[in-house]
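Everything on this sheet refers to the single structure shown next.
The values are calculated or read from the model by the stated rules, or taken from the named source; none is laboratory data. Please read these numbers as outputs of a predicted model, since none were measured by experiment. Using ideal geometry, Cβ is built from the backbone for each residue, glycine included, and neighbour counts are taken over all protein chains shown.
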Amino acid sequence: MAATTDLLLGEFPRTLDERYRLGMPPELLEPLTAAGQELVLAKERSGCLSLWSAATWKPRLDAAVDVLRSKLAAGSLAQRLDQVQDLGRLLSTRQRTVTLAGRGRLVIPEGFREFLGVEPGADLLVVGAAVCVELWNPVAWGDFITAEMPAFRQRIDDLTA
């Protein structure tokens, strides 16, 4: 994270209200908005959205797009235009800049609601993913955590060695 070295950690059950608003846990929201109120919501994997500080997300994305533009201008991607086109489609629909509504509520935009796979009144989980906050459909979260937990010890050993 650009503004802080705090890890965003924790798991918080929440309910999506009838207007697709989600009350964000202050423990996760405050460090995320330390660099500014602008946030980026991104589609990660089916049943999961991630929420990033725009100050962290945008420079990384802009750098990648600049490299892509340079390669296109140089003609080095002429034989891979189908891959560039696929990437462009994903870039066009993957993320959206969002702002919080009153009382720290996030409105899940149309298109992202379907990707998350929850209806108004449904439960979901807000999870700190160290560098961003993730919003999970509970079924998708259960599948993910069941698949990933066996590798936890090795992963923490690798990252802290």
>> Of all residues being modelled with pLDDT under 85 and of a type outside the set (Val, Ile, Thr) in the stretch 86-101, which is farthest from Gly23 (Cα to Cα)? Just the residue, please.
In response: Asp86
>> One residue is enough: does the stretch 117-133 have a residue meeting the conditions in a helix (DSSP H, G or I) and more than 19 Å from Leu8 (Cβ to Cβ)?
In response: no
> Somewhere in the stretch 119-126, is a residue within 15 Å of Glu44 (Cα to Cα), surrounded by 14 or more Cβ atoms within 10 Å (Cβ to Cβ) and at pLDDT 95 or above?
Replying inline: yes
> Can you tell me which of Ser76, Ser53, Ser46, Ser92 is in contact with a Phe, Trp or Tyr (Cβ under 8 Å, 6 or more places away or on another chain) and of a type in the set (S, T, N, Q)?
Replying inline: Ser46
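Residue by residue, here is whether (1) without any contact (Cβ under 8 Å) to a residue 24 or more places away in the chain; (2) over 23 Å from Phe115 (Cβ atoms); (3) exposed (fewer than 12 other Cβ atoms within 10 Å of the Cβ) holds:
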{"residue": "Asp6", "(1), (2), (3)": "no, yes, no"}
{"residue": "Glu11", "(1), (2), (3)": "no, no, no"}
{"residue": "Glu30", "(1), (2), (3)": "yes, yes, no"}
{"residue": "Ser53", "(1), (2), (3)": "no, no, no"}
{"residue": "Arg89", "(1), (2), (3)": "yes, no, yes"}
